[in-house]
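Worksheet: one structure, shown below.
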Amino acid sequence: MKANENDYNKYSEAIDRIQEGNETMIELFNELEGDDPMIKFDNGVMETIERAKKKYGDDMVDKKLNNVVREMLSWLDLEDVDIDLEEGEKEDDQS
């Protein structure tokens, strides 16, 4: 393919931008962290949750599960334990 100097410069600039994009994607990939679930439900519980969400909707089931877990955790003496929650992980509305 023949190209004049203007075409050559456009292709060169496009290749440079692609390289920069690739480098950015590699950096983002390398910064990824695994997202392990806080609670590991067994398969039977997961299936029941899926059925409940299908029937009653995600929001309602999430709210009910949060209420039950919150109540169960209130039975434990955790006042002397301090954790640092990251932004976005702050305690949600306790409804």
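Could you list the chymotrypsin sites (Phe, Trp or Tyr not before Pro) in the stretch 26-78 that lie in coil according to DSSP, counting only those with at most 12 other Cβ atoms within 10 Å of their Cβ?
On the way: sites: PHE29, PHE41, TYR56, TRP75; in loops: PHE41, TRP75.
Those satisfying the criteria are PHE41, TRP75.
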Legend entry - Set of lysines with alpha-carbon distance to LYS10 below 23 Å, sequence-local pairs under 8 removed: LYS2
Inset, instruction - Determine which lysines satisfy two conditions relative to LYS40: a Cα distance under 25 Å, and not lying fewer than 8 residues away in the same chain. - result: LYS53, LYS54, LYS55, LYS63, LYS64, LYS90
Legend entry - 0 to 90° range, to nearest 10: angle between helix 43-56 axis and the chain longest Cα axis: 90
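Would you mind working out the accessible area per residue for the chain, using a 1.4 Å probe, and quoting it in Å²? Mind dumping the intermediate values first?
On the way: 9750 Å² over 95 residues.
Averaged over the residues of the chain, the accessible area is 103 Å².
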Inset, instruction - Arrange the residues ARG17, ARG70 by how much accessible surface each exposes, largest first, with a 1.4 angstrom probe. - result: ARG17, ARG70
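Pick out, in residue order, every one of the trypsin sites (Lys or Arg not before Pro) in the stretch 21-66 that is DSSP loop and has at most 11 other C-beta atoms within 10 Å; say none if there are none.
Working: sites: LYS40, ARG51, LYS53, LYS54, LYS55, LYS63, LYS64; in loops: LYS40.
Qualifying residues, ordered by number: LYS40.
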Legend entry - Area of GLU50 that stays accessible when all protein chains are in place (1.4 Å probe, Å², to 10): 120
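So, with a 1.4 angstrom probe, what is the percent of accessible area on the chain that is carbon and sulfur?
Result for the chain: 52 percent of the exposed heavy-atom area is carbon or sulfur.
The values are calculated or read from the model by the stated rules, or taken from the named source; none is laboratory data. Worth saying up front: this structure is predicted, and the values here are computed from it rather than measured. Note that we place each Cβ from the backbone using ideal geometry, even for glycine, and neighbour counts take in every protein chain shown. Heavy atoms of the whole protein, side chains included, go into the accessibility calculation; ligands, DNA and RNA do not. Shrake-Rupley method; radii C 1.70, N 1.55, O 1.52, S 1.80 Å.
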